[in-house]
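Written out below as structure tokens is the structure these notes cover.
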Amino acid sequence: MTEKKYTLTDHQSGTELELPCYDPTLGPSVLDISSLYGKLGVFTHDPGFGATSCCESNITFIDGEKGVLVYRGYPIEHLAEQSSFIEVCYLLLNGELPNADQLAEFDESIRTHTMINESLLRFFNGFHHNAHPMAMVTGVVASMSAFYHDSTDIRNPAHRDVFAHRMIAKIPTIAAAAYKHSLGQPFIYPRNELSYCGNLLNMFFSVPSADYEVNPIAEEALDLLFILHADHEQNCSTSTVRMAGSSGTNPYSAIAAGISALWGPAHGGANEAVINMLEQIGDASQISKYIAKAKDKNDPFRLMGFGHRVYKNYDPRAKIIQAMCHKVLQNMGQENAVLLELAQELEQIALKDEYFVEKNLYPNVDFYSGIIYRALGIPTSMFTVMFAIARTVGWVAHWAEMVADPTSRIGRPRQLYNGPGLRDYTAIFDR
Ligand code: CMC
């Protein structure tokens, strides 16, 4: 990492402060302002962190202007075409692609950690049948710290490894338990001879009273979606995991915090919101009405699945998903082809509209992912849970990177206070 200097001048006092500026491997230079308050007594102000790097990371990089996403240096297009979700998990956690033995060992470890403690499973009975699956998953993941005591010592690298494998292996089991509970169906135990996504589909869709065979196209589509969602550098939920984890809390609680952050419609909840929006639009004749609503400053409606804080170009994940959409719909869930046509028409109209062009608003990953989930038979309320399953590895990788970094400190932002100035307490009878 090369370093140059910037000089900041306080014109009132004439004080000059030299600030180091780092050139990263990829992306814009980063000005180190950590000495600013100590030397000049001022804070910086950047709500939403639009221009603030909050940590040093070696995991994922996004070039939002060009629409580029890389995991550990590998372009997402290469990984989507040639890798598998399990291999991507290894890559994100360890920094390098595994050789055949390393991959087999990792895969075996994930397969053999899939069961959850029976007492944890019984937690689901405490939820009402119509509880949102994200609420159940958040609660159960947070409760994992009460069960797996051999993986909560964050200073112990062996504990961190066990935690990482457990979390990745068990999150599909927890998700499936939430789904089965909402249906009132018996829970289906994991089957370790199946692939990661094959096992997930089996736990979701098989029942004890009938045979179930995993559809290889569904398995392939899910594996692809999971690769694409696996990590996205310092997004809202990942930053939340880092922030919660920075206090030294147990890792399961940090992940539960991330799941909560993901749920919001501006983040992972958007895939659910896109399908609700497309259903609300109904047919192509209504598109212009909804585009007008999205552009109206006095209307809270936004085009869901459009826009991104970092991408000012087409989200590369959306392009890949769109192609998979066609493949899935040709093979299953043909009735959802209408939804895909409507989505494509909406995209075409929005991409030509001056408002969306001027603001660089393009379809993001969530615009098409829901159509695939719908075609696979996954209910809308489970869409964000699917995102959480895939993103778990990203959260774990970032958490582990932060904990292993001897320079990391508790996250503690400052503020621009604009409340009342100092004043004396007034007795109640004088108010
Ligand atoms: N529809 C209509 N207008 C929009 C939209 C949209 N989807 N997104 C942004 N804008 C407008 C916004 O009104 C603002 O206009 P102005 O400058 O006149 O005030 C401008 O574009 C910039 O928007 P912003 O809200 O300041 O941008 P942000 O970076 O804070 O928000 C976002 C990014 C993703 C939250 C936002 O684009 C959005 O709400 N999109 C819809 C929800 C969505 O699809 N979220 C999934 C994100 S991708 C998956 C993930 O990683 O979580």
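Contact annotation: residue pairs with Cβ atoms under 6 Å, 6 or more positions apart or on different chains, pairing a residue in the range 282-301 that is farther than 16 Å from ASP353 by Cα with a partner that is in a helix (DSSP H, G or I), are ASP299/LYS293; PHE301/LYS293; PHE301/ALA294.
Condition test on GLN185, is it out of contact with any Asp or Glu (no Cβ under 7 Å at 6 or more places or on another chain), of a type in the set (S, T, N, Q) and either within 16 Å of the ligand (Cβ to nearest atom) or at positive phi (or both)?
Considered against the rule, which asks whether it is out of contact with any Asp or Glu (no Cβ under 7 Å at 6 or more places or on another chain), of a type in the set (S, T, N, Q) and either within 16 Å of the ligand (Cβ to nearest atom) or at positive phi (or both), GLN185 comes out as no.
The residue of the range 303-349 that is nearest to LEU278 (Cα to Cα), among those that are of a type in the set (A, V, I, L, M) and touching a Pro at 6+ places or on another chain (Cβ under 8 Å), is MET304. Considering only residues of the range 377-386 that are buried (at least 21 other Cβ atoms within 10 Å of the Cβ) and either within 16 Å of the ligand (Cβ to nearest atom) or of a type in the set (Gly, Ala, Ser) (or both), which is farthest from the chain's Cα centre (by Cα)? Per the stated criteria, the residue is PHE383. I'd like to know if the range 387-408 contains one or more residues that are under 20 Å from GLY67 (Cβ atoms), under 19 Å from the mean Cα position of the chain (by Cα) and outside any helix (DSSP H, G or I). Taking every residue of the range 387-408 in turn, none turns out to be under 20 Å from GLY67 (Cβ atoms), under 19 Å from the mean Cα position of the chain (by Cα) and outside any helix (DSSP H, G or I).
Anything in the range 56-90 that is over 22 Å from TYR362 (Cβ atoms), among the acidic types (Asp, Glu) and in contact (Cβ under 8 Å) with a residue 24 or more places away in the chain? List them, or say none.
The initial filter retains those residues of the range 56-90 that are over 22 Å from TYR362 (Cβ atoms), namely 56-59, 72-74, 82-90.
Keeping just the survivors that are among the acidic types (Asp, Glu) gives 56, 87.
Across the range 56-90, the qualifying residue is only GLU56.
If a residue counts only when it is loosely packed, with under 14 Cβ neighbours inside 10 Å and more than 10 Å from the ligand (Cβ to nearest atom), which helices (runs of 4 or more DSSP H) contained entirely in the range 272-376 have at least 2 such residues? Spell out how you get there, then give the answer.
Working: elements: 287-295, 316-331, 337-352, 354-358, 366-375.
Per the criteria, 287-295, 316-331, 337-352, 354-358.
Condition (residue is of a type in the set (S, T, N, Q), at pLDDT 95 or above and on the phi < 0 side of the Ramachandran plot) applied to the range 144-161: is it met by at least one residue? No: zero hits. Filtering the range 29-39 to residues that are over 19 Å from GLU233 (Cα atoms) and assigned to a loop (DSSP other than H, G, I, E, B) leaves ASP32, ILE33, SER34, SER35. Figure legend. Inter-residue proximity from the range 343-355: first residues hydroxyl-bearing (Ser, Thr, Tyr), second residues within 13 Å of the ligand (Cβ to nearest atom), beta-carbon distance below 6 Å, spacing 6+ or different chains. Indicated pairs: TYR355/LYS295. Taken over the range 362-412, the residue count meeting the criterion of being modelled with pLDDT of 95 or more and in contact with a strand residue (DSSP E or B) (Cβ under 8 Å, 6 or more places away or on another chain) is 1.
Per this entry, HIS267 is not counted among residues that are in contact with a Leu (Cβ under 9 Å, 6 or more places away or on another chain) and either in a loop (DSSP other than H, G, I, E, B) or at pLDDT below 95 (or both). Among the residues of the range 231-251, those that are away from the ligand (no atom under 12 Å from the Cβ) and not in a helix (DSSP H, G or I) comprise SER246, SER247, GLY248, THR249, ASN250. Can LEU40 be described as away from the ligand (no atom under 16 Å from the Cβ), of a type in the set (A, V, I, L, M) and more than 27 Å from the chain's Cα centre (by Cα)? When the stated conditions are applied, LEU40 passes them.
Going through SER253, SER260, SER246, SER237 one at a time, which residue ends up being in contact (Cβ under 8 Å) with a residue 60 or more places away in the chain and crowded, with 22+ Cβ neighbours inside 10 Å?
Details: SER253 fails: crowded, with 22+ Cβ neighbours inside 10 Å; SER260 fails: crowded, with 22+ Cβ neighbours inside 10 Å; SER246 fails: crowded, with 22+ Cβ neighbours inside 10 Å.
Going through SER253, SER260, SER246, SER237 in turn, just one is in contact (Cβ under 8 Å) with a residue 60 or more places away in the chain and crowded, with 22+ Cβ neighbours inside 10 Å: SER237.
The values are calculated or read from the model by the stated rules, or taken from the named source; none is laboratory data. Quick caveat, the model's predicted, so the values are computed rather than measured. In this analysis, Cβ positions are derived from the backbone assuming ideal geometry, glycine residues included, and neighbour counts consider all displayed protein chains.
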